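Peer 1: Dropping the structure in here first, questions after.
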Amino acid sequence: MTQTHDNSTDNLEQKLAEFEQKIADEQKIEPSDWMPEAYRKNLIRQMSQHAHSEVIGMQPEGNWITRSPSLRRKAILLAKVQDEGGHGLYLYSATETLGITRSEMIEALQTRQAKYASIFNYPTLSWADIGAVGWLVDGAAIVNQISLQRTSYGPYSRAMIRICKEESFHQRQGYELMYEMAKGSAEQKQMAQDALNRFWWPSLMMFGPHDTDSAHSAQSMKWKIKRETNDDLRQKFIDQTVPQIEVLGLEMPDPELKWNEERGHYDSGEIDWEEFKQVINGNGPCNHQRLKHHIKAHEDGEWVREAVRAYRAKQKPQADNQVA
Ligand code: BYC
């Protein structure tokens, strides 16, 4: 017995050593590879929350499709919102490779066991918000997702490479919309400023808590699930966005945004972490509305799932007959 136990422990240690070597060598971990249970669980957590964010993120923009001010804007917005749905489906499939089903993930979302990005719990109050979402929210998402292209899990990394191509169109259409508003009438410029002021801080919150308060960062960085820390990515986003605000001719949404020559970065004010905590714990302005809408859409779609199940059941005897 002792012998067997020693062997299996050795075996486990060897598997772990091989896994760690692969990570050190920048090789991707694939679904059929051995991986520590905690690695698998952490990935399911992050990837499924990423998928939920894409799908829930369709709601604030979907809110404006019927009120787009021109056919061109409507076509762009429709395409963008559809892209987000596609990203969600793609990420759910990638997460399923880790041994969890789509319905388990959706159940976790709807029962609040799984989170989604805090930003989507804020309302889109004016047309300028559609510009701000594309420019700032997709802009922040790209900074994060470019980094995740190098994540150690193969299916996640490949999903990020595809998704980033579409995100860059999303960011550009948002910036172009903001540019037109900011250079338009005084009233339009005011709408653009108001959208920037409201979306600035929630966009910074997308990167998560400070590194010192981040529960998962240390382990995720070690396993190369995350390649850059929350604070480093947030700083990158601030540094790339401040010059864009200047081009738009809008006022800074944070008076403390100042270039720091010594650091080679912009300094900025402190995020309201109490607000962040409230929003991720279900008490943001739209949390209730977002989940309610998701549950209703899911229930309305039950007939589709039922049809798929009936079709599968019909196909099965035929397939069995063919084998016989
Ligand atoms: N919102 O230890 P930490 C898009 C949670 S959609 C909510 O730092 P981690 C788009 C965190 O989950 C793209 N929760 O966590 C779609 C953890 O809680 P749990 C969205 C947050 O994972 C439509 C706890 O706080 N992008 O682009 O190491 C239209 C401690 O945090 C947030 C992604 O999903 C937050 N902001 O780092 C337009 C990126 N921040 O799980 C656009 C993928 C933290 O222990 N995700 N929490 O209950 C990531 O990169 C990482 O998960 C995070 C957080 C950087 C977000």
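The values are calculated or read from the model by the stated rules, or taken from the named source; none is laboratory data. Every value quoted in this text rests on a predicted model; they were computed, and no experiment measured them. Neighbour counts run over all protein chains shown; Cβ positions are idealised from the backbone, glycine included. For accessibility, only protein heavy atoms count, side chains too; no ligands or nucleic acids. Shrake-Rupley method; radii C 1.70, N 1.55, O 1.52, S 1.80 Å.
Peer 1: Before I look further, what does the range 119-190 give for accessible area per residue, probe 1.4 Å, in whole square angstrom?
Peer 2: 37
Peer 1: How do Lys236, Lys316, Lys226 rank by accessible surface area computed with a 1.4 Å probe, from largest to smallest?
Peer 2: From most accessible down to least: Lys316, Lys236, Lys226.
Peer 1: Give me the distance in nm between label points sitting 7 Å out from Cα along the Cα-to-Cβ direction at Ser103 and Asn11, one decimal.
Peer 2: 3.3
Peer 1: Okay, next question. Could you give the length gained by full extension between Ala75 and Glu262, i.e. 0.36 nm per residue of separation minus their alpha carbon distance, to one decimal place?
Peer 2: Gain on extension, Ala75 to Glu262, equals 62.8 nm.
Peer 1: Non-local amide H neighbours of His265 (under 5 Å, H modeled in plane, Pro and chain starts lacking H): which ones?
Peer 2: Those lying under 5 Å, H to H, from His265 are Asn260.
Peer 1: What GluC sites (Glu not before Pro) in the range 1-86 are in a loop by DSSP, with at most 16 other Cβ atoms within 10 Å of the Cβ?
Peer 2: Of the GluC sites (Glu not before Pro), the ones in loops of the range 1-86 whose Cβ has at most 16 other Cβ atoms within 10 Å are Glu26.
Peer 1: When N is the residue count of the range 1-143, what does its C-alpha Rg come to as a fraction of 2.2 N^0.38 Å?
Peer 2: Compared with the compact-globule rule of thumb, the range 1-143 sits at 1.43.
Peer 1: Hey, another quick one. Please give, to one decimal in nm, the separation of the simple spin-label points placed at Gln27 and Lys41, each 7 Å out from Cα toward the Cβ.
Peer 2: 2.6
Peer 1: Measuring with a 1.4 Å probe in the full set of protein chains, what accessible area per residue, in whole Å², belongs to the range 1-72?
Peer 2: Accessible surface, normalised per residue, equals 59 Å².
Peer 1: Under 13 Å from the 7 Å Cα→Cβ point of Arg112, by amide nitrogen: which residues of the range 264-278?
Peer 2: 278
Peer 1: I'd like the carbon and sulfur percentage of the solvent accessible area for the range 120-261, probe radius 1.4 Å, heavy atoms only, ligands and nucleic acids excluded.
Peer 2: 54
Peer 1: Relative to the Cα centre, what is the charge dipole magnitude of the chain, using +1 at the beta carbon of each Lys and Arg, -1 at the beta carbon of each Asp and Glu, and rounding to the nearest 20 debye?
Peer 2: 1320
Peer 1: Follow-up question, since we're still on this one. Please go through the range 156-198 and write out the trypsin sites (Lys or Arg not before Pro) that DSSP classes as loop and that have at most 14 other C-beta atoms within 10 Å.
Peer 2: Passing sites in the range 156-198 are Lys183.
Peer 1: By its C-alpha gyration tensor, with a ≥ b ≥ c as the square roots of the eigenvalues, how is the range 139-296 shaped: rounded for a/c under 1.5, else prolate for a/b larger than b/c, else oblate?
Peer 2: rounded
Peer 1: If you don't mind, another one. Which FRET efficiency value, to the nearest 0.05, do you get for Arg309 and Ala186 by plugging their Cβ-Cβ distance into 1/(1 + (r/R0)^6) with R0 = 45 Å?
Peer 2: That pair, Arg309 with Ala186, gives E of 0.20.
Peer 1: Moving on. Where is the GNM fluctuation largest for the chain (alpha-carbon springs, 10 angstrom cutoff): Glu176, Glu261, Glu275?
Peer 2: Largest GNM mean-square fluctuation: Glu261.
Peer 1: Just check the range 11-67 against the gyration tensor rule for me: Cα atoms, a ≥ b ≥ c as the square roots of the eigenvalues, rounded for a/c under 1.5, and otherwise prolate or oblate depending on whether a/b exceeds b/c.
Peer 2: prolate
Peer 1: Also: If you fit an axis through the alpha-carbon atoms of helix 71-96 and take the longest principal axis of the Cα set of the chain, what angle between them do you get, 0 to 90°, nearest 10?
Peer 2: Value to nearest ten degrees: 30.
Peer 1: Next question, about the same structure. Relative contact order, percent, of the range 44-135 when contacts are C-alpha pairs under 8 Å separated by at least 6 residues?
Peer 2: 45
Peer 1: Shape call for the chain from the C-alpha gyration tensor, a ≥ b ≥ c root eigenvalues: rounded (a/c under 1.5), prolate (a/b greater than b/c) or oblate?
Peer 2: Oblate.
Peer 1: Also: Given the Cα-Cα distance of Thr66 and Arg172 and 0.36 nm per residue of separation, how much length would full extension add, in nm?
Peer 2: 36.0 nm
Peer 1: Okay, moving on. Please go through the residue pairs Lys226/Lys277; Lys22/Lys316; Lys115/Lys258; Lys115/Lys224; Lys165/Lys222 and name each one whose alpha carbons sit more than 29 Å apart in this structure.
Peer 2: Lys22/Lys316; Lys115/Lys258
Peer 1: With the chain treated as a Gaussian network of Cα nodes joined by springs under 10 Å, which of Asp129, Asp231, Asp33 yields the largest mean-square fluctuation?
Peer 2: Asp33
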